[in-house]
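Trainee: Got a structure for you, questions after.
The values are calculated or read from the model by the stated rules, or taken from the named source; none is laboratory data. Quick caveat, the model's predicted, so the values are computed rather than measured. For neighbour counting, all protein chains shown are included, and Cβ atoms are generated from backbone atoms with ideal geometry for every residue, glycine included. SASA here: full protein model, heavy atoms, side chains in, ligands and nucleic acids out. Shrake-Rupley method; radii C 1.70, N 1.55, O 1.52, S 1.80 Å.
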Amino acid sequence: MDITLHVWRQKNAKSQGKMEVIEGKNISEDSSFLEMLDTVNETLQESGVEPIAFDHDCREGICGMCSLVINGEPHGPEYGTTTCQLHMRSFKNGQHIFIEPWRAKAFPILRDLIVDRGAFDRIQQAGGFVSVNVGSPQDANCIPVPKQDADKAFDAAVCIGCGACVAACKNASPMLFVAAKVSQLSLLPQGKPEREKRVLAMVDQMKAEGFGNCTNQYECEAACPKEISVEHIARMNREYFRAAALEESPKEGHGGE
Amino acid sequence: MKLCHRLFQSSVGAKMLMAITGLMLTGFVLVHMSGNLILYAGPEKFNAYAHGIKSLGALLWLMRGGLLATFVLHVYLAIKLTIENKAARPVPYAYEATIQATAASRFMIHTGLMMLVFVIYHLAHYTFKIVSPEISALAPGDAYAMVVTGFSSPAVSGFYILAMAALSAHLRHGVSSLFQSLGLYHGNLNPITEKLGPIVASIVFFGFSSIPLAVLMGAIK
(Lines give C-alpha, C1' and ligand atoms only; values in the text may rest on other atoms or scores of the structure.)
Protein backbone atom coordinates (compact mmCIF):
# COMPACT_ATOMS: atom_id res chain seq x y z
CA MET A 1 0.00 0.00 0.00
CA ASP A 2 1.02 3.61 -0.59
CA ILE A 3 0.45 6.31 1.98
CA THR A 4 1.22 10.00 2.42
CA LEU A 5 2.75 10.94 5.76
CA HIS A 6 2.59 14.40 7.29
CA VAL A 7 5.35 14.28 9.87
CA TRP A 8 6.57 16.80 12.42
CA ARG A 9 10.25 17.46 11.68
CA GLN A 10 12.37 19.33 14.18
CA LYS A 11 16.16 19.27 14.18
CA ASN A 12 16.69 19.71 17.92
CA ALA A 13 15.11 21.08 21.08
CA LYS A 14 15.94 24.68 20.18
CA SER A 15 15.03 24.79 16.51
CA GLN A 16 11.64 25.56 14.99
CA GLY A 17 9.81 22.51 13.70
CA LYS A 18 7.26 22.10 10.94
CA MET A 19 5.02 19.50 9.34
CA GLU A 20 6.61 17.87 6.27
CA VAL A 21 5.06 15.64 3.63
CA ILE A 22 6.82 12.30 3.09
CA GLU A 23 5.55 9.62 0.70
CA GLY A 24 5.52 5.99 1.82
CA LYS A 25 5.62 3.53 -1.12
CA ASN A 26 5.08 -0.24 -1.14
CA ILE A 27 4.25 -0.56 2.54
CA SER A 28 3.13 -4.00 3.70
CA GLU A 29 -0.30 -4.07 5.32
CA ASP A 30 1.09 -6.58 7.79
CA SER A 31 3.84 -4.29 9.03
CA SER A 32 3.41 -2.51 12.31
CA PHE A 33 3.28 1.29 12.37
CA LEU A 34 6.89 1.43 13.56
CA GLU A 35 8.01 -1.03 10.89
CA MET A 36 6.34 1.24 8.34
CA LEU A 37 8.44 4.12 9.70
CA ASP A 38 11.54 1.90 9.46
CA THR A 39 10.76 1.24 5.79
CA VAL A 40 10.18 4.93 5.10
CA ASN A 41 13.41 5.80 6.93
CA GLU A 42 15.42 3.36 4.81
CA THR A 43 14.17 5.08 1.66
CA LEU A 44 14.94 8.48 3.18
CA GLN A 45 18.46 7.39 4.10
CA GLU A 46 19.13 6.02 0.60
CA SER A 47 18.22 9.40 -0.85
CA GLY A 48 20.44 11.19 1.64
CA VAL A 49 17.65 12.64 3.79
CA GLU A 50 17.86 12.53 7.57
CA PRO A 51 15.55 9.72 8.79
CA ILE A 52 12.57 10.45 11.04
CA ALA A 53 13.54 10.18 14.71
CA PHE A 54 10.99 8.38 16.91
CA ASP A 55 10.99 6.59 20.27
CA HIS A 56 10.69 2.81 20.43
CA ASP A 57 12.06 -0.06 22.42
CA CYS A 58 10.38 -3.40 23.13
CA ARG A 59 7.89 -3.26 20.24
CA GLU A 60 5.60 -5.64 22.08
CA GLY A 61 3.38 -3.11 23.84
CA ILE A 62 4.78 -3.24 27.35
CA CYS A 63 7.70 -0.82 27.68
CA GLY A 64 5.92 2.51 27.25
CA MET A 65 8.62 3.91 24.99
CA CYS A 66 6.72 4.34 21.73
CA SER A 67 4.50 7.35 21.39
CA LEU A 68 3.23 9.26 18.31
CA VAL A 69 -0.04 11.11 17.90
CA ILE A 70 -1.49 9.56 14.74
CA ASN A 71 -4.30 11.52 13.06
CA GLY A 72 -4.93 13.33 16.33
CA GLU A 73 -5.09 10.21 18.50
CA PRO A 74 -2.24 9.08 20.75
CA HIS A 75 -1.08 5.59 19.68
CA GLY A 76 -3.42 5.80 16.69
CA PRO A 77 -6.99 4.75 16.03
CA GLU A 78 -7.04 1.27 17.61
CA TYR A 79 -8.46 1.07 21.16
CA GLY A 80 -6.15 -0.15 23.93
CA THR A 81 -3.14 -0.47 21.63
CA THR A 82 0.33 1.01 21.64
CA THR A 83 1.79 2.39 18.40
CA CYS A 84 4.11 -0.60 18.07
CA GLN A 85 1.12 -2.96 18.15
CA LEU A 86 -0.80 -0.90 15.61
CA HIS A 87 -0.72 -2.37 12.10
CA MET A 88 -0.94 -0.75 8.71
CA ARG A 89 -4.08 -2.75 7.93
CA SER A 90 -5.83 -0.21 10.16
CA PHE A 91 -5.23 2.34 7.40
CA LYS A 92 -6.41 2.63 3.83
CA ASN A 93 -4.33 2.67 0.68
CA GLY A 94 -3.60 6.26 -0.32
CA GLN A 95 -4.53 7.62 3.12
CA HIS A 96 -2.95 10.78 4.51
CA ILE A 97 -1.53 10.06 7.97
CA PHE A 98 -0.54 12.87 10.34
CA ILE A 99 2.22 11.93 12.78
CA GLU A 100 2.99 14.35 15.60
CA PRO A 101 4.86 14.19 18.89
CA TRP A 102 3.13 14.33 22.30
CA ARG A 103 2.24 18.00 22.67
CA ALA A 104 2.76 19.43 26.14
CA LYS A 105 4.86 22.18 27.65
CA ALA A 106 6.12 19.65 30.21
CA PHE A 107 7.23 17.27 27.42
CA PRO A 108 9.75 19.33 25.43
CA ILE A 109 10.56 18.00 21.96
CA LEU A 110 14.13 16.73 21.61
CA ARG A 111 13.99 15.86 17.94
CA ASP A 112 11.24 15.15 15.38
CA LEU A 113 8.80 12.88 17.20
CA ILE A 114 10.88 12.31 20.35
CA VAL A 115 9.88 14.16 23.51
CA ASP A 116 11.57 14.31 26.90
CA ARG A 117 9.27 12.51 29.35
CA GLY A 118 11.56 13.25 32.31
CA ALA A 119 8.65 15.08 33.96
CA PHE A 120 7.05 11.67 34.60
CA ASP A 121 10.24 10.44 36.27
CA ARG A 122 10.28 13.48 38.54
CA ILE A 123 6.62 12.98 39.49
CA GLN A 124 7.39 9.34 40.26
CA GLN A 125 10.46 10.32 42.29
CA ALA A 126 8.38 12.79 44.30
CA GLY A 127 6.41 9.97 45.92
CA GLY A 128 5.65 7.05 43.64
CA PHE A 129 7.63 4.50 45.64
CA VAL A 130 7.58 2.45 48.81
CA SER A 131 10.44 2.56 51.30
CA VAL A 132 11.68 -0.83 52.44
CA ASN A 133 14.62 -1.92 54.51
CA VAL A 134 17.30 -3.72 52.56
CA GLY A 135 18.26 -7.19 53.66
CA SER A 136 17.10 -10.66 52.89
CA PRO A 137 13.82 -10.75 50.98
CA GLN A 138 10.63 -11.39 52.87
CA ASP A 139 8.44 -14.36 52.21
CA ALA A 140 6.10 -13.49 49.35
CA ASN A 141 2.91 -14.19 51.31
CA CYS A 142 3.82 -12.75 54.70
CA ILE A 143 1.84 -9.55 54.01
CA PRO A 144 -1.76 -10.56 53.26
CA VAL A 145 -3.38 -8.53 50.47
CA PRO A 146 -7.14 -8.90 49.93
CA LYS A 147 -7.90 -10.22 46.45
CA GLN A 148 -10.15 -7.23 45.56
CA ASP A 149 -7.41 -4.75 46.53
CA ALA A 150 -4.77 -6.69 44.65
CA ASP A 151 -6.95 -6.72 41.53
CA LYS A 152 -7.65 -2.97 41.71
CA ALA A 153 -4.00 -2.20 42.36
CA PHE A 154 -3.04 -4.31 39.39
CA ASP A 155 -5.53 -2.48 37.15
CA ALA A 156 -3.57 0.68 37.98
CA ALA A 157 -0.16 -0.99 37.91
CA VAL A 158 -0.51 -1.85 34.20
CA CYS A 159 0.36 1.80 33.47
CA ILE A 160 3.49 1.85 31.32
CA GLY A 161 4.05 5.61 31.72
CA CYS A 162 3.95 6.29 27.99
CA GLY A 163 2.29 9.71 28.37
CA ALA A 164 -0.64 9.09 26.01
CA CYS A 165 -2.97 10.52 28.69
CA VAL A 166 -1.13 13.84 28.53
CA ALA A 167 -1.11 13.80 24.73
CA ALA A 168 -4.84 13.06 24.55
CA CYS A 169 -5.93 15.49 27.27
CA LYS A 170 -7.28 18.82 25.98
CA ASN A 171 -5.38 20.43 28.88
CA ALA A 172 -2.22 18.29 28.67
CA SER A 173 -2.94 16.92 32.14
CA PRO A 174 -1.22 13.76 33.40
CA MET A 175 -3.95 12.97 35.93
CA LEU A 176 -4.45 9.40 34.69
CA PHE A 177 -0.74 8.62 35.02
CA VAL A 178 -0.40 10.21 38.46
CA ALA A 179 -3.67 8.64 39.60
CA ALA A 180 -2.59 5.19 38.45
CA LYS A 181 0.60 5.44 40.50
CA VAL A 182 -1.11 6.90 43.58
CA SER A 183 -3.95 4.41 43.35
CA GLN A 184 -1.75 1.37 42.91
CA LEU A 185 0.39 2.13 45.95
CA SER A 186 -2.35 3.44 48.22
CA LEU A 187 -4.36 0.25 47.74
CA LEU A 188 -1.55 -2.04 48.87
CA PRO A 189 -0.39 -2.50 52.47
CA GLN A 190 3.20 -1.82 51.41
CA GLY A 191 2.18 1.67 50.29
CA LYS A 192 0.27 2.63 53.43
CA PRO A 193 3.12 4.18 55.51
CA GLU A 194 3.74 6.89 52.88
CA ARG A 195 0.12 7.15 51.78
CA GLU A 196 -0.51 10.82 52.64
CA LYS A 197 2.94 12.16 51.83
CA ARG A 198 2.89 10.44 48.45
CA VAL A 199 -0.30 11.90 47.00
CA LEU A 200 0.48 15.44 48.18
CA ALA A 201 4.02 15.35 46.78
CA MET A 202 3.05 13.82 43.44
CA VAL A 203 0.20 16.27 42.84
CA ASP A 204 2.52 19.17 43.76
CA GLN A 205 5.19 17.91 41.37
CA MET A 206 2.62 17.53 38.59
CA LYS A 207 1.87 21.22 38.90
CA ALA A 208 5.53 22.21 39.16
CA GLU A 209 6.22 20.48 35.82
CA GLY A 210 3.73 22.77 34.08
CA PHE A 211 1.03 20.24 33.23
CA GLY A 212 -2.63 21.26 32.93
CA ASN A 213 -5.61 20.43 35.12
CA CYS A 214 -8.21 17.69 34.75
CA THR A 215 -11.60 18.68 33.34
CA ASN A 216 -13.18 15.20 33.46
CA GLN A 217 -13.49 14.76 29.71
CA TYR A 218 -11.97 11.27 29.87
CA GLU A 219 -9.96 11.60 26.67
CA CYS A 220 -7.12 9.98 28.63
CA GLU A 221 -9.13 6.86 29.39
CA ALA A 222 -10.08 6.55 25.72
CA ALA A 223 -6.48 6.94 24.56
CA CYS A 224 -4.75 4.83 27.23
CA PRO A 225 -3.15 1.78 25.60
CA LYS A 226 -3.57 -0.07 28.89
CA GLU A 227 -7.27 0.89 29.28
CA ILE A 228 -6.76 2.40 32.73
CA SER A 229 -10.03 3.68 34.18
CA VAL A 230 -10.67 7.26 35.34
CA GLU A 231 -11.93 5.58 38.52
CA HIS A 232 -8.32 5.91 39.66
CA ILE A 233 -8.51 9.69 39.22
CA ALA A 234 -11.52 9.75 41.54
CA ARG A 235 -9.58 7.67 44.06
CA MET A 236 -6.63 10.06 43.83
CA ASN A 237 -8.99 13.01 44.41
CA ARG A 238 -10.28 11.29 47.55
CA GLU A 239 -6.74 10.41 48.66
CA TYR A 240 -5.65 14.00 48.11
CA PHE A 241 -8.45 15.48 50.17
CA ARG A 242 -7.92 12.93 52.95
CA ALA A 243 -4.19 13.64 53.04
CA ALA A 244 -4.69 17.42 52.99
CA ALA A 245 -7.16 17.16 55.89
CA LEU A 246 -4.85 14.90 57.92
CA GLU A 247 -1.93 17.22 57.26
CA GLU A 248 -3.94 20.00 58.90
CA SER A 249 -4.43 18.00 62.10
CA PRO A 250 -1.33 15.85 62.58
CA LYS A 251 -1.71 12.77 64.70
CA GLU A 252 -0.07 12.76 68.11
CA GLY A 253 3.25 10.99 68.29
CA HIS A 254 4.76 11.18 64.80
CA GLY A 255 5.46 7.90 63.11
CA GLY A 256 3.48 6.03 65.74
CA GLU A 257 1.49 3.88 63.32
CA MET B 1 -4.09 27.16 56.75
CA LYS B 2 -2.17 24.64 54.71
CA LEU B 3 -5.47 23.02 53.74
CA CYS B 4 -6.71 26.33 52.32
CA HIS B 5 -3.53 26.73 50.34
CA ARG B 6 -3.86 23.18 49.01
CA LEU B 7 -7.47 23.75 47.98
CA PHE B 8 -6.70 26.94 46.08
CA GLN B 9 -3.27 26.24 44.66
CA SER B 10 -3.26 22.56 43.79
CA SER B 11 -4.82 21.11 40.69
CA VAL B 12 -6.95 18.60 42.60
CA GLY B 13 -7.98 21.09 45.30
CA ALA B 14 -9.04 23.77 42.81
CA LYS B 15 -11.16 21.23 40.96
CA MET B 16 -12.85 20.31 44.24
CA LEU B 17 -13.66 23.97 44.89
CA MET B 18 -15.03 24.20 41.35
CA ALA B 19 -17.23 21.19 42.07
CA ILE B 20 -18.51 22.52 45.41
CA THR B 21 -19.17 26.06 44.17
CA GLY B 22 -20.70 24.61 40.99
CA LEU B 23 -23.01 22.44 43.07
CA MET B 24 -24.08 25.44 45.15
CA LEU B 25 -24.74 27.54 42.05
CA THR B 26 -26.73 24.68 40.50
CA GLY B 27 -28.80 24.59 43.69
CA PHE B 28 -29.44 28.31 43.35
CA VAL B 29 -30.42 27.93 39.68
CA LEU B 30 -32.94 25.20 40.55
CA VAL B 31 -34.46 27.22 43.39
CA HIS B 32 -34.59 30.33 41.17
CA MET B 33 -36.32 28.33 38.44
CA SER B 34 -38.87 26.85 40.85
CA GLY B 35 -39.63 30.39 42.05
CA ASN B 36 -40.06 31.63 38.48
CA LEU B 37 -42.54 28.86 37.71
CA ILE B 38 -44.89 30.37 40.34
CA LEU B 39 -45.65 32.87 37.53
CA TYR B 40 -48.04 30.30 36.10
CA ALA B 41 -50.09 30.51 39.33
CA GLY B 42 -51.02 34.12 38.55
CA PRO B 43 -49.95 37.66 39.54
CA GLU B 44 -51.14 37.51 43.19
CA LYS B 45 -49.20 34.34 44.04
CA PHE B 46 -46.06 35.47 42.19
CA ASN B 47 -46.02 38.95 43.70
CA ALA B 48 -46.59 37.46 47.15
CA TYR B 49 -43.60 35.16 46.56
CA ALA B 50 -41.45 38.09 45.41
CA HIS B 51 -42.57 40.10 48.43
CA GLY B 52 -41.77 37.11 50.67
CA ILE B 53 -38.17 37.12 49.46
CA LYS B 54 -37.81 40.89 49.90
CA SER B 55 -39.04 40.69 53.48
CA LEU B 56 -36.35 38.21 54.53
CA GLY B 57 -34.28 41.25 55.54
CA ALA B 58 -30.83 40.42 56.91
CA LEU B 59 -31.14 36.79 55.83
CA LEU B 60 -31.66 37.89 52.22
CA TRP B 61 -28.48 39.96 52.30
CA LEU B 62 -26.60 37.06 53.85
CA MET B 63 -27.81 34.78 51.06
CA ARG B 64 -26.98 37.36 48.40
CA GLY B 65 -23.50 37.81 49.85
CA GLY B 66 -22.91 34.06 49.95
CA LEU B 67 -24.16 33.66 46.40
CA LEU B 68 -21.96 36.47 45.14
CA ALA B 69 -18.89 35.03 46.90
CA THR B 70 -19.62 31.56 45.47
CA PHE B 71 -20.09 32.98 41.99
CA VAL B 72 -16.91 35.09 42.13
CA LEU B 73 -14.87 32.11 43.38
CA HIS B 74 -16.26 29.83 40.66
CA VAL B 75 -15.50 32.37 37.92
CA TYR B 76 -12.07 33.24 39.32
CA LEU B 77 -10.96 29.60 39.54
CA ALA B 78 -12.41 28.82 36.10
CA ILE B 79 -10.36 31.59 34.51
CA LYS B 80 -7.23 30.67 36.48
CA LEU B 81 -7.49 26.96 35.58
CA THR B 82 -8.24 27.71 31.93
CA ILE B 83 -5.17 29.94 31.64
CA GLU B 84 -3.04 27.15 33.16
CA ASN B 85 -4.59 24.59 30.84
CA LYS B 86 -3.94 26.67 27.74
CA ALA B 87 -0.35 27.26 28.85
CA ALA B 88 0.19 23.52 29.29
CA ARG B 89 -0.03 23.00 25.52
CA PRO B 90 1.61 25.97 23.78
CA VAL B 91 1.82 24.28 20.34
CA PRO B 92 -1.50 22.83 19.15
CA TYR B 93 -1.86 19.65 17.11
CA ALA B 94 -1.89 20.11 13.34
CA TYR B 95 -4.48 17.33 13.23
CA GLU B 96 -6.91 18.06 16.03
CA ALA B 97 -9.13 15.14 17.03
CA THR B 98 -11.52 14.42 19.86
CA ILE B 99 -12.03 10.80 20.84
CA GLN B 100 -14.99 10.96 23.18
CA ALA B 101 -15.21 14.32 24.98
CA THR B 102 -18.66 15.91 24.66
CA ALA B 103 -19.07 19.31 23.00
CA ALA B 104 -20.51 20.59 26.30
CA SER B 105 -17.30 19.64 28.13
CA ARG B 106 -15.09 21.34 25.55
CA PHE B 107 -16.85 24.69 25.69
CA MET B 108 -17.21 25.05 29.47
CA ILE B 109 -15.23 28.29 29.63
CA HIS B 110 -17.20 29.75 26.70
CA THR B 111 -20.63 28.86 28.07
CA GLY B 112 -19.40 29.96 31.50
CA LEU B 113 -18.27 33.39 30.30
CA MET B 114 -21.58 33.75 28.44
CA MET B 115 -23.28 33.18 31.79
CA LEU B 116 -21.13 35.88 33.38
CA VAL B 117 -22.24 38.37 30.71
CA PHE B 118 -25.83 37.17 31.07
CA VAL B 119 -25.86 37.52 34.87
CA ILE B 120 -24.60 41.11 34.62
CA TYR B 121 -27.28 41.92 32.03
CA HIS B 122 -29.96 40.07 34.02
CA LEU B 123 -29.18 42.03 37.20
CA ALA B 124 -29.15 45.32 35.27
CA HIS B 125 -32.44 44.35 33.63
CA TYR B 126 -34.59 43.18 36.56
CA THR B 127 -32.73 44.04 39.78
CA PHE B 128 -31.18 47.45 39.11
CA LYS B 129 -33.76 48.20 36.36
CA ILE B 130 -31.40 50.32 34.30
CA VAL B 131 -31.81 48.60 30.93
CA SER B 132 -35.33 49.46 29.86
CA PRO B 133 -37.37 52.56 30.83
CA GLU B 134 -40.65 50.55 30.72
CA ILE B 135 -39.49 48.41 33.64
CA SER B 136 -38.22 51.27 35.77
CA ALA B 137 -41.59 53.00 35.21
CA LEU B 138 -43.53 50.12 36.81
CA ALA B 139 -44.83 50.10 40.39
CA PRO B 140 -42.03 48.75 42.69
CA GLY B 141 -43.87 45.69 44.08
CA ASP B 142 -45.26 44.35 40.80
CA ALA B 143 -42.73 41.67 39.88
CA TYR B 144 -45.28 39.94 37.67
CA ALA B 145 -45.79 42.98 35.46
CA MET B 146 -42.02 43.42 35.33
CA VAL B 147 -41.53 39.93 33.87
CA VAL B 148 -44.36 40.33 31.37
CA THR B 149 -43.11 43.78 30.26
CA GLY B 150 -39.52 42.55 30.01
CA PHE B 151 -40.31 39.49 27.94
CA SER B 152 -42.78 41.14 25.57
CA SER B 153 -39.77 42.20 23.53
CA PRO B 154 -38.81 39.29 21.22
CA ALA B 155 -35.16 40.43 21.20
CA VAL B 156 -34.94 40.32 25.01
CA SER B 157 -36.73 36.98 25.17
CA GLY B 158 -34.51 35.56 22.45
CA PHE B 159 -31.42 36.63 24.37
CA TYR B 160 -32.73 35.01 27.56
CA ILE B 161 -33.52 31.74 25.77
CA LEU B 162 -30.09 31.74 24.16
CA ALA B 163 -28.48 32.32 27.57
CA MET B 164 -30.49 29.41 28.99
CA ALA B 165 -29.17 27.19 26.18
CA ALA B 166 -25.64 28.14 27.24
CA LEU B 167 -26.46 27.49 30.90
CA SER B 168 -27.97 24.16 29.97
CA ALA B 169 -24.85 23.12 28.04
CA HIS B 170 -22.71 24.23 31.00
CA LEU B 171 -24.75 22.15 33.45
CA ARG B 172 -24.82 19.13 31.15
CA HIS B 173 -21.10 18.60 31.71
CA GLY B 174 -20.75 20.35 35.05
CA VAL B 175 -23.36 18.48 37.06
CA SER B 176 -22.11 15.05 35.95
CA SER B 177 -18.49 16.02 36.23
CA LEU B 178 -18.56 17.44 39.76
CA PHE B 179 -18.99 13.97 41.25
CA GLN B 180 -15.72 12.82 39.69
CA SER B 181 -13.91 15.92 41.01
CA LEU B 182 -15.16 15.10 44.51
CA GLY B 183 -13.95 11.52 44.11
CA LEU B 184 -17.42 10.01 43.87
CA TYR B 185 -16.88 7.39 41.22
CA HIS B 186 -18.60 4.11 41.87
CA GLY B 187 -20.00 1.35 39.68
CA ASN B 188 -23.48 1.71 41.19
CA LEU B 189 -23.43 5.51 41.28
CA ASN B 190 -22.09 6.19 37.78
CA PRO B 191 -25.25 5.38 35.79
CA ILE B 192 -27.03 8.01 37.90
CA THR B 193 -24.34 10.71 37.87
CA GLU B 194 -23.84 10.30 34.11
CA LYS B 195 -27.53 11.01 33.47
CA LEU B 196 -27.90 13.68 36.13
CA GLY B 197 -26.09 16.35 34.04
CA PRO B 198 -28.29 15.97 30.95
CA ILE B 199 -31.44 15.68 33.13
CA VAL B 200 -30.72 18.84 35.16
CA ALA B 201 -29.68 20.63 31.95
CA SER B 202 -33.01 19.81 30.27
CA ILE B 203 -35.09 20.76 33.32
CA VAL B 204 -33.28 24.09 33.63
CA PHE B 205 -33.56 24.90 29.92
CA PHE B 206 -37.25 24.11 29.56
CA GLY B 207 -38.19 25.49 32.97
CA PHE B 208 -36.61 28.89 32.42
CA SER B 209 -37.27 29.24 28.67
CA SER B 210 -40.95 28.41 29.00
CA ILE B 211 -41.57 31.78 30.67
CA PRO B 212 -40.36 34.17 27.92
CA LEU B 213 -42.02 31.85 25.39
CA ALA B 214 -45.30 31.91 27.31
CA VAL B 215 -45.16 35.73 27.47
CA LEU B 216 -44.42 36.01 23.74
CA MET B 217 -47.24 33.62 22.85
CA GLY B 218 -49.62 35.49 25.11
CA ALA B 219 -50.21 32.65 27.56
CA ILE B 220 -48.99 34.91 30.39
CA LYS B 221 -50.38 38.45 30.29
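Trainee: Please state the charge dipole magnitude for the range A:3-110, taken about the Cα centre, from unit charges on C-beta atoms (+1 on K and R, -1 on D and E), reported in debye and rounded to the nearest 20.
Mentor: 540 debye
Trainee: Which of A:16, B:165, A:183 sits closest to the plus end of the dipole of the protein assembly as shown, meaning its Cα is farthest towards the positive end, when Lys and Arg get +1 and Asp and Glu get -1 on the C-beta?
Mentor: The one lying farthest along the dipole's positive direction is B:165.
Trainee: Could you work out how far apart the two model spin labels at residue A:30 and residue A:16 are, taking each label as a point 7 Å from the Cα in the direction of the beta carbon, and quote it in nm?
Mentor: Going from the residue A:30 label point to the residue A:16 one covers 4.5 nm.
Trainee: Follow-up question, since we're still on this one. Using a cut-off of 13 Å between alpha-carbon atoms, which aspartates and glutamates can reach residue A:105, once sequence neighbours fewer than 8 places away in the same chain are excluded?
Mentor: Within the straight-line cut-off, residue A:105 pairs with A:116, A:209, B:84.
Trainee: Also: With every protein chain left in place, what is the accessible area of residue B:159 in Å² (1.4 Å probe, nearest 10)?
Mentor: Residue B:159 exposes around 80 Å² with every protein chain in place.
Trainee: Now, a different point. Set the Förster radius R0 to 56 Å, insert the Cβ-Cβ distance between residue B:139 and residue A:208 as r into 1/(1 + (r/R0)^6), and round the FRET efficiency to 0.05. List each step's numbers first, then the result.
Mentor: Values: r = 60 Å, r/R0 = 1.07.
Efficiency at R0 = 56 Å is approximately 0.40.
Trainee: Let me ask another. I'd like the accessible area for residue B:179: 1.4 Å probe, protein heavy atoms, all chains in place, Å² to the nearest 10.
Mentor: 40 Å²
Trainee: Using the Cα gyration tensor of the protein assembly as shown, with a ≥ b ≥ c the square roots of its eigenvalues, what is the shape: rounded (a/c below 1.5), prolate (a/b larger than b/c) or oblate (neither)?
Mentor: Cα axes put the protein assembly as shown in the oblate bin.
Trainee: Got a sec? What order do B:208, A:107, B:107 fall in by accessible area at 1.4 Å, biggest, i.e. largest, first?
Mentor: Largest to smallest exposure gives the sequence B:107, B:208, A:107.
Trainee: Also: Taking the Cα centre of the range B:47-139 as origin, work out the dipole magnitude from +1 charges on Lys and Arg Cβ and -1 charges on Asp and Glu Cβ, in debye rounded to 20.
Mentor: Details: 7 positive and 3 negative charges, 29 e Å.
Here the size comes out at about 140 debye.
Trainee: Straight-line reach only, C-alpha to C-alpha below 16 angstrom: list the aspartates and glutamates that residue B:45 could link to, leaving out same-chain residues fewer than 8 apart.
Mentor: B:142
Trainee: Also: Only helices at least 24 Å long along their own axis, judged from Cα atoms, and with Kyte-Doolittle mean hydropathy of 0.5 or greater: name those in chain B from DSSP H.
Mentor: B:11-36, B:58-87, B:154-181, B:190-216
Trainee: Using Cα centres only, tell me the gap between the range A:175-203 and the range B:88-160 in whole Å.
Mentor: When both Cα centres are located, 42 Å separates them.
Trainee: Shielding by partners for A:217-223, please: the mean number of other protein chain Cβ atoms within 10 Å of each residue's Cβ.
Mentor: On the way: counts 11, 7, 7, 1, 2, 4, 2.
Average per residue, whole number: 5.
Trainee: Order A:87, B:51 by their accessible area, 1.4 angstrom probe, all chains in place, largest first.
Mentor: The residues order as B:51, A:87, largest area first.
Trainee: Leaving out same-chain residues fewer than 8 places away, which aspartates and glutamates sit with a Cα under 18 Å from that of residue A:152?
Mentor: Within the straight-line limit of under 18 Å, residue A:152 reaches these aspartates and glutamates: A:221, A:227, A:231, A:239.
Trainee: Separation between the residue B:192 and residue A:242 pseudo-spin-labels, each 7 Å from Cα along Cα→Cβ, expressed in nm?
Mentor: 2.2 nm
Trainee: Further question: Working from Cα positions, state the angle (0 to 90°, nearest 10) between the long axis of helix A:231-248 and the longest principal axis of chain A.
Mentor: 40 degrees
Trainee: Averaged over its residues, how many other protein chain Cβ atoms are within 10 Å of peptide A:208-214's Cβ atoms?
Mentor: 6
Trainee: Another question, if that's okay. Calculate how steeply helix A:118-127 sits against the longest principal axis of the alpha-carbon atoms of chain A, using the helix alpha-carbon long axis, and give the answer as 0 to 90 degrees to the nearest 10.
Mentor: 10 degrees
Trainee: So which of B:54/B:80; B:15/B:195; A:147/B:2; B:54/B:221 end up more than 25 Å apart by C-alpha?
Mentor: The answer is B:54/B:80; A:147/B:2.
Trainee: Treating only the Cβ atoms of Lys and Arg (+1) and Asp and Glu (-1) as charged, compute the dipole magnitude of chain B about its Cα centre; round to the nearest 20 debye.
Mentor: Dipole of chain B, to the nearest 20 debye: 480 debye.
Trainee: If you count only protein heavy atoms and use a 1.4 Å probe, how large is the accessible surface of residue A:220, to the nearest 10 Å²?
Mentor: The accessible area comes out at roughly 20 Å².
Trainee: Of A:6, A:110, A:82, which is farthest towards the positive pole of chain A's charge dipole, taken about the Cα centre with +1 and -1 on the beta-carbons of Lys, Arg and Asp, Glu respectively?
Mentor: A:110
Trainee: If you count, for every residue in B:182-191, the Cβ atoms of partner chains within 10 Å of its Cβ, what is the mean?
Mentor: Working: counts 4, 10, 3, 10, 2, 1, 0, 0, 2, 0.
Mean inter-chain Cβ contacts per residue within 10 Å come to 3.
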